[in-house]
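A.B. asks: Structure provided below as C-alpha cells; questions to follow.
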Amino acid sequence: MGLQRAETTRTPELPEVDAGEAAAAAPRVGNWPLAAGLALLTLAIVLLHVFSGDDFEVAPLLVVVPALASVFCTVRQTVGVAVWIMIVVVGSRLASDGSFWDLALGIGFTVLACALGVGSCAARIRHTTQIARLRSAAGALQRQILRPLPVLTDQIFAYGLYEPIEEDRFVGGDIYEVVESPYGTRVIIGDVQGKGLPAIGAGFAALGAFREAAIREPTLTGVVAALEDAVVRHNEFSSQTGETERFVTALVLGFDGGDQVQVVNCGHLPPRLLLDGEASMIRLRRTYVPLGMAELSEEERTAEWFGFPPGATLLVVTDGVTEARDASGAFYPLDDRLGPWARRGPREVLDALHADLEKFSGGVRRDDIAALALRRAPSGGGPGLRRSEAVHEDARRATEPLRDR
C-alpha cells in the first residue's frame, strides 16, 4: 500500500525572473508610440513658442515630460525622453536672447527635473519588482506546502485545482491533503479565516497536524480532534506574538474502499456528488463549528456517512469558488453550473470549472481557489484498464498550462 504519483507532477524549478517581476519592469508604452507622442508634443510647444514670441518660455512646459514618462516607461525609455528634452530646451535657450544667468538657471533646472524623472522611474520599478517578488514568494510557499495532484491511493483517484492569489493583502490559506493510512484514505479541504501571510501559517499548522493524525488516529473524529488541538496551539502562539487568532473551516473525509464515505464537517461547504448526468449537494445532518472554536460549542463532533457509488465524482471546493463574483457583484452559481458537466470525468470537471470561473469573474479574483474531484479507484482493474497508465496520463494533463488546453 502506498500513495502513488507520476513523476510529471514534480514542481518545476522557478525561473530566475518570474512573470510578476517581468511585468513590473515591462514598458507600458511602446517605443514607437512614445517617440511619436514626444515628437508631436515637442512640435506643438515649439510652434506655440514661435507664434507667441519670446515672452513664452518652452522649458517650464517640457520639464514635466520626464516626470510623466517615469510613470509609464522603463528606465531606458525615461532616459531617452530626458535626453531629448534636454536637447530641445538647451537649443531653445541658446537661440534666445536671455542673459547668461537665465541660460544657466534654465538648463540647470531642466537637468535637475530630468534626473528626478529618471530616479523616480528607477525607484518605481524597484518597488514594484519587490512587491512582485513578495507576492510570487507567497504563492510559491502555498504551492510547496500542498501536495501536487493528481494522486492515486488504494481507495480513490484524487484530482485537484489550486489557484492561489498572489496579491499580498488578499493571499489566503486554502489547504487540502490526501493521506493513505492503515485505516483507509483521509482527505481534507479547508480554508483559514482571514487573509495575508499569517493565514498561510495557520493553514500550515492544520495541514501538518492532519498529515500526522491521518496515519496515527484510527477514527476520523480522532483526526479532527488532533486538528482542533493544533489550531488552538497555533492561536495561543499567535496571541503571544501579537497576531490575530484564526479559525479554519474544514471538511474531513474518510474512504475505506466501500460505497460509503465518512465525513466530519467543521463549518465548511458541503460536497457535491456528480452521478448519472446529475449533480446534487450532499445534505449533511450536522455542520460543526470551525477548527479552533470547539470551546465555544458544547456539541461534540461526530462523523456521519453518505453514499459514494462507483463511477460517481465527489467535488469539494473552498469559498473562493462559491464567492467569486461577476461584474454586477453576483456570486458564482456553482450548483447551476455542475449539471451540464455531470457526465464528464473528474479532470474534465475541474477544467470546465476553472475556465468557467475565469469567464464569470472576468479574471478578477479576491480569494484562493481550491477544488478536489474524487473518484473511487477500481478494485481489480478490469479489462482494458491499466491504473498506472491512467494516473500518468492524468498527471501529465494536470501539469499542462490550462490556457493551452
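A.B. asks: Pull out the extension gain between TRP101 and ARG216, defined as 0.36 nm times the separation in residues minus the alpha carbon to alpha carbon distance; nm, one decimal.
C.D. replies: 32.9 nm
A.B. asks: Also, I was wondering about something else. Could you report the stretch 269-339's accessible area per residue, 1.4 Å probe, as an integer in Å²?
C.D. replies: 53
A.B. asks: Taking the simple approach of a point 7 Å from Cα along Cα-to-Cβ for both ASP229 and GLU304, what is their distance in nm?
C.D. replies: If labels sit at ASP229 and GLU304, their model points lie 2.7 nm apart.
A.B. asks: Do you know the relative contact order of the stretch 242-391, to the nearest whole percent, from alpha carbon pairs under 8 angstrom that are 6+ apart?
C.D. replies: Contact order relative to length: 24 percent.
A.B. asks: Right, next: According to a simple spin-label model (label point 7 Å from Cα along Cα-to-Cβ), what is the distance in nm between PHE331 and GLU236?
C.D. replies: 3.5
A.B. asks: So if R0 is 51 Å, what FRET efficiency would ARG344 and PHE72 give, r being the distance between their Cβ atoms, rounded to the nearest 0.05?
C.D. replies: Result of the calculation: an efficiency of 0.70.
A.B. asks: Now for a separate question. Rounded to the nearest 0.05, what FRET efficiency do GLU295 and PHE51 have when you use their Cβ-Cβ distance and R0 = 60 Å?
C.D. replies: The calculated FRET efficiency here is 0.15.
A.B. asks: Measuring from label point to label point, each 7 Å out along Cα→Cβ, what is the ALA355 to VAL29 span in nm?
C.D. replies: 3.9
A.B. asks: Then there is this: Provide the solvent-accessible area of ASP191, counting protein heavy atoms only and rolling a 1.4 Å probe, rounded to the nearest 10 Å².
C.D. replies: Approximately 10 Å² of ASP191 is accessible to the 1.4 Å probe.
A.B. asks: In addition: How do LEU94, LEU291, LEU34 stack up against each other in accessible area, from largest to smallest, with a 1.4 angstrom probe?
C.D. replies: Sorted descending by solvent-accessible area, the residues read LEU94, LEU34, LEU291.
A.B. asks: Going by Cα centres, the stretch 333-353 and the stretch 195-265 are how many Å apart?
C.D. replies: 28
A.B. asks: Based on the Kirkwood radius over alpha-carbon pairs, what is the Stokes-Einstein translational diffusion coefficient of the stretch 243-320 at 20 °C with 1.002 mPa s viscosity, in µm²/s?
C.D. replies: Answer from the Stokes-Einstein relation: 156 µm²/s.
The values are calculated or read from the model by the stated rules, or taken from the named source; none is laboratory data. Bear in mind that the values here come from a model prediction, so they are computed numbers and not experimental data. Neighbour counts are summed over all protein chains in view; Cβ atoms, including those assigned to glycine, are modelled from backbone coordinates with ideal geometry. Areas reflect the complete protein model, heavy atoms only, side chains present, ligands, DNA and RNA absent. Shrake-Rupley method; radii C 1.70, N 1.55, O 1.52, S 1.80 Å.
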